[in-house]
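The values are calculated or read from the model by the stated rules, or taken from the named source; none is laboratory data. Nothing here was measured: the structure is a model prediction, and the numbers come from that model. Reconstructed Cβ throughout: ideal geometry from the backbone, glycine too, with neighbour counts over all protein chains shown.
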Number of protein chains: 2
Amino acid sequence: MKEQTNKPTDAELRILRVLWQRGPSTVREVYEELHRDRPVVYTTVLKFLQIMTEKGLVTREDAGRAHVYHACGSEEQAQRRLVENLLDRAFGGSAQKLVLQALTARKASAEELSEIRKILDELEGGA
Amino acid sequence: MKEQTNKPTDAELRILRVLWQRGPSTVREVYEELHRDRPVVYTTVLKFLQIMTEKGLVTREDAGRAHVYHACGSEEQAQRRLVENLLDRAFGGSAQKLVLQALTARKASAEELSEIRKILDELEGGA
DNA sequence: GATTTATAACGAAACTTTTCGTACTCTAAA
DNA sequence: TTTAGAGTACGAAAAGTTTCGTTATAAATC
């Protein structure tokens, strides 16, 4: 498996999201899922899964006639990398500014806000 | 000025960051700044500023022989759009998850953390 | 006025990402 | 054994992004 510092492209990320949500899936399953939202062709999905296999974003496993694809690494790891990337590209590394924008961009529920408080407590406790 | 729903590309974002930091600048000024960090050619920067003018990401103004370029919209607006974009592309719209990743990705200082608490207070107060 | 210098304009090459058509393979049904 | 169906493999076109060389222009200097 290759080093996985690669940032997935938009199309790749769409596919990864399906794999995270559904778990290991065949091309057809990923295709069906994506097809709900946008007009996309079976072989396009297949092609991407092949590319992503080369890049080490997914692995595959034989299952009878078809292949079953697994996302490499967890959703959280990938999200982490994307956040770090955005942090560097657009926020000069300031997590605070990013958090501010995230919280004002989307209304979070009361529960979510208190979850975030808990995280803050833990971070302050640890430091 | 065009509608500004365009997501800037990586190279465009690098240039916008210079304009946000320095304020309105000539091509040469942007070039000098970028040139510190990476090998880049004057005409490449010029080309991008021309493209970005067409896209409505920047405006320009004549100042004698040269042009002075202004970023369209504030840094915060652009950052907001980028966060919303990431939220949709990778976090299923959950600001909470993004905040969690941001806070664990980068150690925030104690002051920053308490700034974030203030924001939380305001959000809960308003709701 | 001619030459140098700093700039803008433009086009195209190089590269990346995305999309899709076509060919090939295997299996199972007719 | 042939045919139909579901799958993979592959190549190349289409679209988008990035880079840079060349040319044109106008001002400053000689």
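Of A:Leu100, A:Leu13, which residue is within 30 Å of B:Asp37 (Cα to Cα), of a type in the set (A, V, I, L, M) and not assigned by TED's automatic domain parsing to the domain that holds A:Leu120? So that I can check it myself, show each step before the final result.
Numbers: A:Leu100 fails: not assigned by TED's automatic domain parsing to the domain that holds A:Leu120.
Testing whether each residue is within 30 Å of B:Asp37 (Cα to Cα), of a type in the set (A, V, I, L, M) and not assigned by TED's automatic domain parsing to the domain that holds A:Leu120 leaves just A:Leu13.
I want to confirm something. Restricting to segment A:114-126 and keeping residues that are at the interface with chain B (Cβ under 7 Å from one of its Cβ atoms) and surrounded by fewer than 21 Cβ atoms within 10 Å (Cβ to Cβ), which single residue is farthest from B:Val83 (Cα to Cα)? Reasoning before the result, please.
If we filter segment A:114-126 for residues that are at the interface with chain B (Cβ under 7 Å from one of its Cβ atoms), which is where we start, we get A:115-117, A:119-120, A:123-124.
Those left that are additionally surrounded by fewer than 21 Cβ atoms within 10 Å (Cβ to Cβ): A:115, A:117, A:119-120, A:123-124.
Working: A:Glu115: 20, A:Arg117: 20, A:Ile119: 20, A:Leu120: 20, A:Leu123: 23, A:Glu124: 25 Å.
Only one residue tops the list, namely A:Glu124.
Okay, residues lined up against (1) modelled with pLDDT under 95; (2) out of contact with any strand residue (DSSP E or B) (no Cβ under 8 Å at 6 or more places or on another chain):
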site: B:Thr5; (1), (2): yes, yes
site: B:Glu61; (1), (2): no, no
site: B:Cys72; (1), (2): no, no
site: B:Asn85; (1), (2): no, yes
site: B:Phe91; (1), (2): no, yes
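For B:Arg60, state whether it is free of Cβ contacts under 8 Å to residues at least 12 places away in the same chain, touching a Phe, Trp or Tyr at 6+ places or on another chain (Cβ under 6 Å) and farther than 26 Å from A:Ala11 by Cβ. Give the steps one after another, and end with the answer.
Working: free of Cβ contacts under 8 Å to residues at least 12 places away in the same chain: yes; touching a Phe, Trp or Tyr at 6+ places or on another chain (Cβ under 6 Å): yes; farther than 26 Å from A:Ala11 by Cβ: yes.
In short, yes.
Yes or no: B:Ala78 in contact (Cβ under 8 Å) with a residue 12 or more places away in the chain and within 14 Å of A:Leu86 (Cβ to Cβ)? Break it down stepwise before answering.
Numbers: in contact (Cβ under 8 Å) with a residue 12 or more places away in the chain: yes; within 14 Å of A:Leu86 (Cβ to Cβ): yes.
Criteria met by B:Ala78.
If I filter segment B:37-44 for residues that are outside the structural domain of B:Gly23 (by TED's automatic domain parsing) and in a loop (DSSP other than H, G, I, E, B), do I get at least one hit? Even if it seems obvious, please write down each step before you answer.
In the first step, residues of segment B:37-44 are kept if they are outside the structural domain of B:Gly23 (by TED's automatic domain parsing); the result is none.
Among the residues of segment B:37-44, not one is outside the structural domain of B:Gly23 (by TED's automatic domain parsing) and in a loop (DSSP other than H, G, I, E, B), which makes the answer no.
In the list A:Ala78, A:Ala11, A:Ala108, which residue meets the criterion of being under 28 Å from B:Val99 (Cα atoms), within 14 Å of chain B (Cβ to nearest Cβ) and either touching a His at 6+ places or on another chain (Cβ under 7 Å) or not in a helix (DSSP H, G or I) (or both)?
Working: A:Ala78 fails: either touching a His at 6+ places or on another chain (Cβ under 7 Å) or not in a helix (DSSP H, G or I) (or both); A:Ala11 fails: either touching a His at 6+ places or on another chain (Cβ under 7 Å) or not in a helix (DSSP H, G or I) (or both).
Checking each option against the conditions leaves just A:Ala108.
B:Leu34 fails exactly one of the following numbered conditions: (1) in a helix (DSSP H, G or I); (2) over 22 Å from B:Glu76 (Cα atoms). What is the number of that condition?
(2) is the only condition that B:Leu34 fails.
Of (1) within 12 Å of another protein chain (Cβ to nearest Cβ); (2) in a strand (DSSP E or B), B:Asp62 satisfies all except one. Which?
So the condition that B:Asp62 fails would be (1).
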